[in-house]
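Student: Mind looking over this structure? Questions follow.
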Amino acid sequence: MEYLLLLIGLLLLAGLSFIIYKMNTDDSDKTNDSIEELDKIKEILGLEFKNLANEIFDEKTKKITDLNKENISSILNPLRENIERFERKVETSNKDALEFNAILKSEINHLKSETLKMRDDANNLANALRGESKTQGNWGEQQMETILNAAGLEKNIHYEKEKNIKTENLDNQRLDYIVKLPGDKCIVIDSKVSLVAYVNYYNAEDDEEKKIHLKEHLKSINNHITTLSNKNYQDLDINQPDYVLMFMANEPAFKLAVLEDVSIYNKAIDKNIVMVTNSTLFATLKTVAYMWKQDKANKNAIEIARQAGSLYDKFQSFSEDLIKVGNNLNTTKNTYEDAMKKLTDGKDNLVRKTERLRELGAKTSKKINPKLVDRSK
């Protein structure tokens, strides 16, 4: 409708403009009043047309604005919701990140303190092992006991620690470890630690100094072999092999000595000493644990056989008793049947004679079972 009114207004203006144009170009005499009145009409129509056009424009602008608002709202509302959800997730993530960072920081600080403690403990242990022979010995024994337990052997069952044994001369010998074997046999293990010269060897900065410390390291091991050999553990009154195991807890120290002097192992064998390290001792003790397992299985098999024999004997006795019970039942049955025959069979059976006494006038307070009476007739 607005477009129609606008079109009519345009046509009126065009018509008036044409009339004024014709009047201005016509040779006929026109009065000035008619021209002025037409101009006024044109001006009025122009203003009306302008107002109408403005109204149409304002109305269309408002409609377009409202439509754009609806379209923009339909686009922006989901976007706003997504942004709000994203903001909530970001806030939650930031909160979780802060909590995680706090926990992580605490754990890092704890790990740092534990690492420093371990470093201090390692330094203290290294200093102690370098400085005191007793501390070295205790450390070696701890290593050996760890291997014993890892192999599956139990203290005071499969092995004994620092046991005192008297020699033939009544001298006291204190053994580091006695590992028991099935059949009342055993193996003696002695722990020897050589660390001082070994540590000095690796801390030395020149070759000459290394050679000096390497010789000291070999000398220390040879001294251990000689000392252990002089104790004559093989002569003790215990059922053991002719050799003793010498445990060296530091395997790299042992390897260094063997690489430098390949004969050191055979020197120990000649003195009835077998040198073992963590790996070889573990393999040996694992074999011992397997022997105990097999021994237990064999003893269980023997016990099962013994109990099976005992069970068989008891079953045989029980079956004989059942047979006796059956025979006794048969005898009792036969005796019962003979007694019942005397009681109810024949003309002069006991039931009939007894019942006759009652019929003759004997005074009684009870009566014989009617079934027996019927059976006796």
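The values are calculated or read from the model by the stated rules, or taken from the named source; none is laboratory data. Quantities reported herein were computed from a predicted structural model and do not represent experimental measurements. Cβ: placed from backbone, ideal geometry, glycine included. Neighbour counts: every protein chain shown.
Student: Kindly establish whether Leu329 is surrounded by 12 or more Cβ atoms within 10 Å (Cβ to Cβ) and either assigned by TED's automatic domain parsing to the domain that holds Ile178 or part of a helix (DSSP H, G or I) (or both).
Tutor: No; evaluated as a whole, the condition is false for this residue.
Student: Is it fair to say Ser310 is of a type in the set (Ser, Thr, Tyr), part of a helix (DSSP H, G or I) and either within 60 Å of the chain's Cα centre (by Cα) or at pLDDT below 80 (or both)? Lay out the reasoning, then the answer.
Tutor: On the way: of a type in the set (Ser, Thr, Tyr): yes; part of a helix (DSSP H, G or I): yes; either within 60 Å of the chain's Cα centre (by Cα) or at pLDDT below 80 (or both): yes.
So Ser310 fits the description; yes.
Student: Residues being without any contact (Cβ under 8 Å) to a residue 12 or more places away in the chain and either closer than 19 Å to Glu337 by Cβ or assigned to a loop (DSSP other than H, G, I, E, B) (or both): count how many of those fall in the stretch 362-374.
Tutor: 9
Student: For the stretch 332-361, give me each residue that is surrounded by 10 or more Cβ atoms within 10 Å (Cβ to Cβ), at pLDDT 75 or above and in a loop (DSSP other than H, G, I, E, B).
Tutor: Asp345, Asn349 - these are the residues of the stretch 332-361 that are surrounded by 10 or more Cβ atoms within 10 Å (Cβ to Cβ), at pLDDT 75 or above and in a loop (DSSP other than H, G, I, E, B).
Student: Taking strands (runs of 3 or more DSSP E) that fall entirely within the stretch 133-211, which contain at least 2 residues that are modelled with pLDDT of 80 or more and closer than 30 Å to Glu260 by Cβ?
Tutor: Here the list reads 172-181, 185-191.
Student: Would you tally the residues in the stretch 261-316 being in contact (Cβ under 8 Å) with a residue 24 or more places away in the chain, polar (S, T, N, Q) and under 21 Å from Asp242 (Cβ atoms)?
Tutor: Within the stretch 261-316, residues that are in contact (Cβ under 8 Å) with a residue 24 or more places away in the chain, polar (S, T, N, Q) and under 21 Å from Asp242 (Cβ atoms) number 2.
Student: Can you tell me which residues in the stretch 220-275 are outside any loop (DSSP other than H, G, I, E, B), surrounded by 17 or more Cβ atoms within 10 Å (Cβ to Cβ) and either in contact with a Ser or Thr (Cβ under 7 Å, 6 or more places away or on another chain) or not assigned by TED's automatic domain parsing to the domain that holds Arg174 (or both)?
Tutor: Ser220, Ile221, His224, Phe247, Ala253, Phe254, Ile273
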